[in-house]
Amino acid sequence: MATFTRLQVAEVMESTGLVPLFFHSDLEVSREVLKACYNGGARLLEFTSRGDFAIEVFRELNAYARKELPEMILGVGSVTDAATAGMYMQYGANFVVTPVLREDIALICNRRKVLWSPGCATLSEIARAEELGCEIVKVFPGGTLGPGFVKAIKGPCPWTSIMITGGVSPEESNLKGWFDAGATCVGMGSKLITKDVLAEKNYSKIEEQVREAMDIIKQVRNR
């Protein structure tokens, strides 16, 4: 079962503004990355389910988080069907993120009161997601839709909370654009946890990059 309620997860998403996205097939590497993100100040991480036996890595990673990083909220991303969502929730996923709007996933997550964030690219999809109980909608692909899309949505629907994924980078100009447009939080993957840094196993660099990204988010929000 999830350790954190969906309202707790939504609150941390909003308060920190950053959800690192990450997948690696090696459990030890995944643990080190999770710890680096935690030490850098992140309190959420979306483990993207994109490889063979990913759920087995997640199971061990979540057990590690519960024991060693008690404030870390670990969830799963890239989920495309309810059966997979249910499997991850059996291993304690605290939130479920999908690339598309799937009502079967909404039902199973709501039944267990786990936060789910579907990928939406139109106002109609966003409205349907909210009718299905979504707290924070994932706007995807962000790089294609752009900050202008977010600003346009927030005009007629100021109650909509949006997480941007895709097209997000740790540069101040990029982050300022998203938060000025009205984003609640951003999901950041390879631009934050880069392949080069992973290849070098430079976990202190990941910690530094996460801390810097969070500092920038705090600064642009307070302006």
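Considering every residue within the range 178-185, establish whether at least one is touching a strand residue (DSSP E or B) at 6+ places or on another chain (Cβ under 9 Å), part of a helix (DSSP H, G or I) and closer than 22 Å to LEU45 by Cα.
Yes, some residue in the range 178-185 is touching a strand residue (DSSP E or B) at 6+ places or on another chain (Cβ under 9 Å), part of a helix (DSSP H, G or I) and closer than 22 Å to LEU45 by Cα.
Among the residues of the range 137-165, count how many are in contact with a strand residue (DSSP E or B) (Cβ under 8 Å, 6 or more places away or on another chain) and either of a type in the set (Phe, Trp, Tyr) or not in a helix (DSSP H, G or I) (or both). Don't jump to the end; show me each part of the working.
Initial filter on the range 137-165 (in contact with a strand residue (DSSP E or B) (Cβ under 8 Å, 6 or more places away or on another chain)): 137-142, 145, 149-150, 153-154, 160-165.
Keeping just the survivors that are either of a type in the set (Phe, Trp, Tyr) or not in a helix (DSSP H, G or I) (or both) gives 137-141, 149, 160-165.
Number of matching residues: 12.
Condition first: surrounded by fewer than 16 Cβ atoms within 10 Å (Cβ to Cβ) and either modelled with pLDDT of 95 or more or assigned to a helix (DSSP H, G or I) (or both). Now tell me which residues in the range 212-223 satisfy that.
Within the range 212-223, the subset surrounded by fewer than 16 Cβ atoms within 10 Å (Cβ to Cβ) is 212, 215, 218-219, 221-223.
Across the range 212-223, the qualifying residues are GLU212, ASP215, LYS218, GLN219, ARG221.
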Scanning the range 55-92 residue by residue, the ones that are under 16 Å from the mean Cα position of the chain (by Cα), closer than 22 Å to LYS138 by Cα and not in a helix (DSSP H, G or I) total 10
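Among GLU130, GLU103, GLU71, which is among the charged types (D, E, K, R), over 23 Å from GLU11 (Cα atoms) and either surrounded by fewer than 23 Cβ atoms within 10 Å (Cβ to Cβ) or free of Cβ contacts under 8 Å to residues at least 60 places away in the same chain (or both)? Step through it out loud before you land on a result.
On the way: GLU130 fails: over 23 Å from GLU11 (Cα atoms); GLU71 fails: over 23 Å from GLU11 (Cα atoms).
It is GLU103.
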Of (1) surrounded by fewer than 17 Cβ atoms within 10 Å (Cβ to Cβ); (2) touching a Lys or Arg at 6+ places or on another chain (Cβ under 6 Å), GLY182 fails just (1)
If we ask which residues in the range 195-223 are free of Cβ contacts under 8 Å to residues at least 12 places away in the same chain and not charged (D, E, K, R), their number turns out to be 3
Restricting the range 1-43 to residues that are among the β-branched types (Val, Ile, Thr) and part of a helix (DSSP H, G or I), the one nearest to LEU74 (Cα to Cα) turns out to be VAL9
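Condition (residue is at pLDDT 95 or above and within 12 Å of the chain's Cα centre (by Cα)) applied to the range 26-38: is it met by at least one residue? Let's see the steps before the verdict.
Within the range 26-38, the subset at pLDDT 95 or above is 26-38.
Filter once more, so that each one left must be within 12 Å of the chain's Cα centre (by Cα): none.
No, the range 26-38 has no match at all.
Can you find even one residue in the range 5-21 that is over 24 Å from LYS191 (Cα atoms), surrounded by 20 or more Cβ atoms within 10 Å (Cβ to Cβ) and among the basic types (Lys, Arg)?
yes
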The lone condition CYS109 fails out of (1) assigned to a loop (DSSP other than H, G, I, E, B); (2) closer than 27 Å to GLY86 by Cα is (1)
For the range 44-54, check the following and say yes or no: at least one residue is modelled with pLDDT of 95 or more, out of contact with any Cys (no Cβ under 7 Å at 6 or more places or on another chain), among the β-branched types (Val, Ile, Thr) and in a strand (DSSP E or B).
yes
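In the range 185-202, what residues are buried (at least 20 other Cβ atoms within 10 Å of the Cβ), in contact with an Asp or Glu (Cβ under 9 Å, 6 or more places away or on another chain) and either of a type in the set (Val, Ile, Thr) or under 14 Å from CYS37 (Cβ atoms) (or both)? Break it down into steps so the answer makes sense when it comes.
If we filter the range 185-202 for residues that are buried (at least 20 other Cβ atoms within 10 Å of the Cβ), which is where we start, we get 185-188, 192-193.
Next, only the ones that are in contact with an Asp or Glu (Cβ under 9 Å, 6 or more places away or on another chain) stay: 185, 187.
Of everything in the range 185-202, just one residue is buried (at least 20 other Cβ atoms within 10 Å of the Cβ), in contact with an Asp or Glu (Cβ under 9 Å, 6 or more places away or on another chain) and either of a type in the set (Val, Ile, Thr) or under 14 Å from CYS37 (Cβ atoms) (or both), namely GLY187.
The values are calculated or read from the model by the stated rules, or taken from the named source; none is laboratory data. Here the structure is a predicted model, which is why all the values come from computation and not from measurement. Virtual Cβ from ideal backbone geometry, glycine too; neighbours counted across all protein chains shown.
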